[in-house]
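Engineer: Take a look at this one; I'll ask things after.
Just so it is clear, none of the values below were taken in a lab; they were calculated from the coordinates. Bear in mind that the values here come from a model prediction, so they are computed numbers and not experimental data. Counting neighbours? That spans all protein chains shown, and the Cβs are built from the backbone with ideal geometry, glycine included.
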Ligand code: FES
Ligand code: FES
Ligand SMILES: [Fe+2]
Ligand SMILES: [Fe+2]
C-alpha cells in the first residue's frame, strides 16, 4: 500500500504532467479516510432542492459525505441543514426519508429539536437536570454554510470555504444550463417526483470522472443505441446538434469544475427532435427559439454532462438530472439522482420525459446500467496487490487545451479542449484530479484559493 | 401502576392530568409519541405556569380527561 | 481522527467534571485496539455458570473479549477456563457450543488435551517427535485466575489483578440481588435453559452504559408499555414499588461498578404482582415476605439494571438475566444473555417466567429490540467525520451525588444519587467512563487498586 505521506498526492499519485494516476487513490482505505476529512468536510455539496421542502416543517433526509443530514424548512420558512445525529448520545434523530414535522424528536431519550435546530424539549429538564443544562449549546449541529441557488440547496461544513458563488466562479452559467428552463427562463425547473437512490460497488470517483466528460466510453452504450430508446425512436438521445455544433470540453483549473457542452452555430436553426410526440416536439422547438432570443449567444450553448467538484454531477440535456455520488467506504458509492423538468412544461411533456428519463437513467435505466457495469468491474479489477501497481492512463489530448477559445464570435469561459475533430479527450478528467490532489494536500483554504499558478504550471508540463 | 397513556391519540382540546396534579389542555400534537404542546390550566406546585404553553413529556401525563 | 496519545484519555476524551465524553471512544478503531489490551486482558470477566457444567467432562464454549475460551469441569470436578486455541498451530480446538467430552481433540493435526488442559495425545509422538516434545509445556493456555461465586464463574487473564471479591468490593452485595433466590436464600438461582447469543452493529459500550442505569430512555419503550407484555397484563413490568420505594443510582467510584436499586419503606409490604397467574403471584408474595425476614433491612432492596466493570450486565428483577457485551471490533457487539430463575421455584413459576423473559429480552424480546434500534442507529450516526467532533452530554445530575446515603434506617454502600424526584441521572454512566479512562491510562494494577493505596496510607 503506497503511503500517502511519503509519496505525496501530486507527482506520486496524481502525475498530470505524465497523464498518469495511481489506482491507489481509488482503492486505498487510508486515502479514502483522508478524503472524508479533506474533501467532503470542506467542499460544497449538493443536498437537495427547495421544491422538496415547500412548506414550513417540511424535511428531506439527505447526505453529505458518509453522513446523514436533515434538510428542512423552519417555521419562518428559513432553510437549514443539520447533522442527523442527536447531541445527547448520537442517535439518528430523523429516520424517515422525508415528511413534515413540528419538532424533530430523538427516539432514544426524547430530546426534541425545533425545525430551526434549537434544543426545545429535554425530558425532566427541571427534575433530572435541575434546570441547569445549557440548551442553547446543545442544538443540532448545523452546517457552516448554506446556499440556495435557483432551487438547489448546497452546503459546506467548513466556515473557511469561500461562499458558494465564489466556489463556482465562472462555471456558474454552465450550472444554469441545467437549472434554467429550456426556454432560458431563470431557474424555471422543478424536481420531477421522488428521487432515485441505489448503491454501486465502486469508488465514488468512477462515476465522478465519468460525468466530468468521459465521452470516450460511448462505445459501451452501443447496445442501447441499437435498441433505440431515444425520444425520436432511434439511438439513445436526440443529438441532431452533433452534426452542426462544436463539441467542447470546458474546465476550470482553479475550481475543479468541468463540463462537456455543445456550441451551436450562430444562424442555423436546430433540426427537429422528440419526434415521437408532436406536443413534445413542438414544445422543445418553441423553447429552443425562445432561448435563442432571450439569451443571445449563450442561447447557443447546450450542456451535456458536467461535474461540480467533488461529487455533484449534472446531466443538462434531456434526461435532465442532478446526481450526488455519496461515498460509502472506499469501495461503494450511493447514487442519488434527482430528475428535473421545466416547471411550466405541459403535463404531457412532463409525462413523456418521465418515461424517457427512467428508460435512460437510474438503477433500471438502460444507459446507466452500462456505466455501472463498467465501474463495478473496473473497481474490483483494480483493487488487487498487483493491479494497484499499474497507474491509469489519462494522457488523451494533453497539450491541446486552449485558453481563450472563441467560435463564431462567442468567447467560451474556461479552459477548452475542442473535441469536434478530436472526438474525445481526458482534459476534463485531468482537471478533476488536479483539484482533487490540491484538496488532499492543502491544509488551509487559502492554499486552495490561490492555487491558480500552481495548477497552470503543472498543466503546462 | 396506572395504564400508560398513548399520547399519540390526544387531540387538541383534550385535558390531561400531569404527575404532581397539574392539569393542562392539549394545544397541538406533533405525533412523535414523546411530546405534546399543552397549555397549563392549573398548577398547584408552580402557579406561574398557569396559562403558559409548554412541551409536555409523555411520561408526565398520568390521566386523560374530557375534551373541553 | 483524534489520536489518543496526543489528547490523553482524561480530560481530553472523557471529561467527567464537564460531563462530556468524546464520540471517538466509541468509534475509533485505534482506541478499540487499546481497549482489548488495557481492559479486556486485565479485568475480571463473566464466563458462565456452574449449572451449565454440572458433571466431569462438561464444557461450555464462552468468550473473553474477542477470544473464545473453554469453560470446563475436569474429571476431578475442578473448573477450568482455557483459551480455545491449539498450541500447535492455533486451530480452534473445540468448535461446539457445549457438551461433554473425555478429551478435546484438535481437528487439524490431532493434538489432544485432557479436560484439565494437559496435552495427552500427540500423533506420532515416538516416530515424528522421537519422544522429544515436552508435552508438559504444551498444554492448553489456561486463564490464570478463576473464581466461582454463587454459581457464576469469573475469569481474569492478569495475574496482577486483585482477587475477584476485592475487585468487586462492597458491590458484591448488589450482585447478590441477582444471584440469591427471591426469598433471600444464598445463591438460590440457576440458569433457565440455554443462553441467547446475537450480534448488534454498535460499540460494546452502548449496551454497557445503558445497563449501568440509563432509565432516561424509558420513553423509547413506550410502545411496549402500551402493548402490555407485563406479568400482570399491563405495562412491560410489574413496577408497583415505584410508588412507594426510593429509586437510587449506586456507584462505586474506585471500581467502576454501578447499579440502580429500589429501596422499600421500612414497614410496608410489597404490593401484589404477577397477577396473570395466581400461583406465580402467590410464589412471589411468599418470597417477598421470606426475604424481608431473612435479610432484615437489606431485604428492603430490590435491584434494577447494573453493571460489573466493564461488560457484565445484571438485570436482577424479573426478567432476571446476566448479559455479557462481547466486543467484536469497534463497530459490533455480540450479546450473550443468561436467564436466571430461583432454583427452588415450582415448575409453573419457571414456565411462566420463561415466557415472560423471552417476551421481554433477547433478540426477539420486545423491550430489547427497542434498545438495539437505538444503539445501532446511534453508533452509525456517530461514526462520521463531522459527527465525531461533537461530544456526548453526560451532565445530568452532576454535583447531586450523596456519600453516606441513608433512608429509614438503612445506610446504602456506594455513592448514591436519589432519583425518586429527579426521575433520572447520568451518575452511574459517568462512573463507568471514569473507570474506563483510568484503565486506559494506567500502566499497572498498582495504579488501579487505589483502595489499597488508601489503606496503606492509614
Ligand atoms: S440520544 Fe437523543 S435523546 Fe438521547
Ligand atoms: S493445530 Fe492443533 S494439532 Fe496442529
Ligand atoms: Fe455512460
Ligand atoms: Fe431499554
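Engineer: Considering only the stretch C:1-115, give the helices (runs of 4 or more DSSP H) lying wholly within it that have at least 1 residues that are within 14 Å of another protein chain (Cβ to nearest Cβ), away from ligand 2 (no atom under 16 Å from the Cβ) and closer than 22 Å to residue C:437 by Cβ.
Structural biologist: Working: elements: C:4-7, C:24-27, C:29-35.
Answer list for the stretch C:1-115: C:24-27, C:29-35.
Engineer: Does at least one position in the stretch A:112-121 carry a residue that is more than 10 Å from every other protein chain (Cβ to nearest Cβ), buried (at least 20 other Cβ atoms within 10 Å of the Cβ), over 30 Å from residue A:392 (Cα atoms) and in contact (Cβ under 8 Å) with a residue 60 or more places away in the chain?
Structural biologist: Scanning the stretch A:112-121 turns up no residue that is more than 10 Å from every other protein chain (Cβ to nearest Cβ), buried (at least 20 other Cβ atoms within 10 Å of the Cβ), over 30 Å from residue A:392 (Cα atoms) and in contact (Cβ under 8 Å) with a residue 60 or more places away in the chain.
Engineer: If you don't mind, another one. Consider residue C:404 against the criteria (1) out of contact with any helix residue (DSSP H, G or I) (no Cβ under 8 Å at 6 or more places or on another chain); (2) in contact (Cβ under 8 Å) with a residue 24 or more places away in the chain: it satisfies all of them except one. Which criterion is unmet?
Structural biologist: (2)
Engineer: Just to be sure I understand the filter: pairs with C-beta atoms under 9 Å, separated by 6 or more residues or on different chains, first member in the stretch C:351-380 and at the interface with chain A (Cβ under 9 Å from one of its Cβ atoms), second member surrounded by fewer than 17 Cβ atoms within 10 Å (Cβ to Cβ) and part of a helix (DSSP H, G or I). Which pairs pass?
Structural biologist: The qualifying pairs are C:370/C:223.
Engineer: Could I ask something else about it? Looking only at the stretch B:6-35, which residues are assigned to a helix (DSSP H, G or I), surrounded by fewer than 19 Cβ atoms within 10 Å (Cβ to Cβ) and within 13 Å of chain A (Cβ to nearest Cβ)? Break it down stepwise before answering.
Structural biologist: The initial filter retains those residues of the stretch B:6-35 that are assigned to a helix (DSSP H, G or I), namely B:7-9.
Imposing the further condition that a residue be surrounded by fewer than 19 Cβ atoms within 10 Å (Cβ to Cβ) reduces the set to B:8-9.
Hit for the stretch B:6-35 is B:8, nothing else.
Engineer: Moving on to the next point. Residues in the stretch C:428-443: is at least one within 10 Å of chain A (Cβ to nearest Cβ) and either closer than 18 Å to residue C:19 by Cα or in contact (Cβ under 8 Å) with a residue 24 or more places away in the chain (or both)?
Structural biologist: The answer is yes, given that some residue of the stretch C:428-443 is within 10 Å of chain A (Cβ to nearest Cβ) and either closer than 18 Å to residue C:19 by Cα or in contact (Cβ under 8 Å) with a residue 24 or more places away in the chain (or both).
Engineer: Give the number of residues within the stretch B:36-68 that are within 12 Å of chain A (Cβ to nearest Cβ), within 22 Å of residue B:4 (Cα to Cα) and not in a strand (DSSP E or B).
Structural biologist: Looking only at that region, the number is 3.
Engineer: Return a yes/no flag: does the stretch C:331-343 have any residue that is within 14 Å of chain A (Cβ to nearest Cβ) and surrounded by fewer than 22 Cβ atoms within 10 Å (Cβ to Cβ).
Structural biologist: Yes: the stretch C:331-343 contains one or more residues that are within 14 Å of chain A (Cβ to nearest Cβ) and surrounded by fewer than 22 Cβ atoms within 10 Å (Cβ to Cβ).
Engineer: Report the residue count in the stretch A:70-93 for those that are closer than 16 Å to residue A:336 by Cβ and either surrounded by fewer than 21 Cβ atoms within 10 Å (Cβ to Cβ) or more than 16 Å from ligand 1 (Cβ to nearest atom) (or both).
Structural biologist: 2
Engineer: I'm trying to understand the selection: among the residues of the stretch A:31-54, which are in a helix (DSSP H, G or I) and over 29 Å from residue A:343 (Cα atoms)?
Structural biologist: A:31, A:32, A:33, A:34, A:35, A:36, A:37, A:38, A:39, A:40 - these are the residues of the stretch A:31-54 that are in a helix (DSSP H, G or I) and over 29 Å from residue A:343 (Cα atoms).
Engineer: From (1) within 14 Å of chain B (Cβ to nearest Cβ); (2) closer than 21 Å to residue C:27 by Cβ; (3) away from ligand 1 (no atom under 16 Å from the Cβ), pick out the condition that doesn't hold for residue C:201.
Structural biologist: (1) is the only condition that residue C:201 fails.
Engineer: In the stretch C:232-272, what residues are within 12 Å of chain B (Cβ to nearest Cβ) and either touching a residue at least 60 places away in the same chain (Cβ under 8 Å) or within 25 Å of residue C:172 (Cβ to Cβ) (or both)?
Structural biologist: C:236, C:237, C:238, C:241
Engineer: Now, a different point. Suppose we keep only residues that are surrounded by fewer than 22 Cβ atoms within 10 Å (Cβ to Cβ) and under 18 Å from residue A:327 (Cα atoms) within the stretch A:169-205. Which one would you say is farthest from ligand 2 (Cβ to nearest atom)?
Structural biologist: Among them, the one singled out is A:196.
Engineer: Continuing with the same structure: Got a sec? Which of A:141, A:208 is more than 14 Å from chain C (Cβ to nearest Cβ) and more than 30 Å from residue A:289 (Cα to Cα)? Show your work before the answer.
Structural biologist: Numbers: A:141 fails: more than 14 Å from chain C (Cβ to nearest Cβ).
So the residue among A:141, A:208 that is more than 14 Å from chain C (Cβ to nearest Cβ) and more than 30 Å from residue A:289 (Cα to Cα) is A:208.
Engineer: Here is a follow-up. Which one is farthest from ligand 1 (Cβ to nearest atom), of the residues in the stretch A:240-269 that are farther than 24 Å from residue A:432 by Cβ and outside any helix (DSSP H, G or I)?
Structural biologist: So, considering only residues that are farther than 24 Å from residue A:432 by Cβ and outside any helix (DSSP H, G or I), the one farthest from ligand 1 (Cβ to nearest atom) is A:267.
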